[in-house]
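Trainee: Mind having a look at this structure? Questions to follow.
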Amino acid sequence: MLLKIKEFESFAESRGYKNGEELLEDMGSSTEAYEIFRQGGRIGSDLVAELYNRFGEENTFQFIDFEEESGSGFKSKYIAIGQKLY
């Protein structure tokens, strides 16, 4: 999975963050990790699940490129209770 940087930056700013890096830092991620994502590095499914739980399915699916995997395929790896993945 990849982070769509342009879409993620716009989303972060719409939520009051300076940029996407600040949003991920607020979630406990490092600036180094964000730089890897900006350079095309893969984002882990656990972080995607955290984004999903915090910002919802619709928002998450706007800024995550699931590549060959579908959104429903991603969700099937977790237990869904209400609108949260566990």
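Any read-out appearing in this document is the output of simple, stated calculations on the displayed coordinates, not a laboratory observation. Bear in mind the structure is a predicted one, so any value in this text is a computation, not a measurement. Heads up, the Cβs are rebuilt from the backbone with ideal geometry, glycines too, and the neighbour counts pull from every protein chain shown.
Trainee: Scan region 1-46 for residues that are loosely packed, with under 12 Cβ neighbours inside 10 Å and over 29 Å from residue 81 (Cα atoms) and jot them down.
Mentor: Correct list: 6, 18, 31, 32, 35, 39, 40.
Trainee: Does any residue of region 21-39 turn out to be aliphatic (A, V, I, L, M) and touching a strand residue (DSSP E or B) at 6+ places or on another chain (Cβ under 8 Å)?
Mentor: So far as region 21-39 goes, no, none of its residues is aliphatic (A, V, I, L, M) and touching a strand residue (DSSP E or B) at 6+ places or on another chain (Cβ under 8 Å).
Trainee: Across region 47-69, what is the number of residues that are without any contact (Cβ under 8 Å) to a residue 24 or more places away in the chain, surrounded by fewer than 10 Cβ atoms within 10 Å (Cβ to Cβ) and either more than 20 Å from residue 14 (Cα to Cα) or of a type in the set (Phe, Trp, Tyr) (or both)?
Mentor: The total comes to 1.
Trainee: Now for a different question. Sort out which residues of region 23-46 are free of Cβ contacts under 8 Å to residues at least 24 places away in the same chain, hydroxyl-bearing (Ser, Thr, Tyr) and in a helix (DSSP H, G or I), and write them in order of number.
Mentor: Within region 23-46, 31, 34 meet the criteria.
Trainee: Here's something else I'd like to know. What do you reckon, is residue 62 in contact with an Asp or Glu (Cβ under 7 Å, 6 or more places away or on another chain) and on the phi < 0 side of the Ramachandran plot?
Mentor: Spelling it out, residue 62 is indeed in contact with an Asp or Glu (Cβ under 7 Å, 6 or more places away or on another chain) and on the phi < 0 side of the Ramachandran plot.
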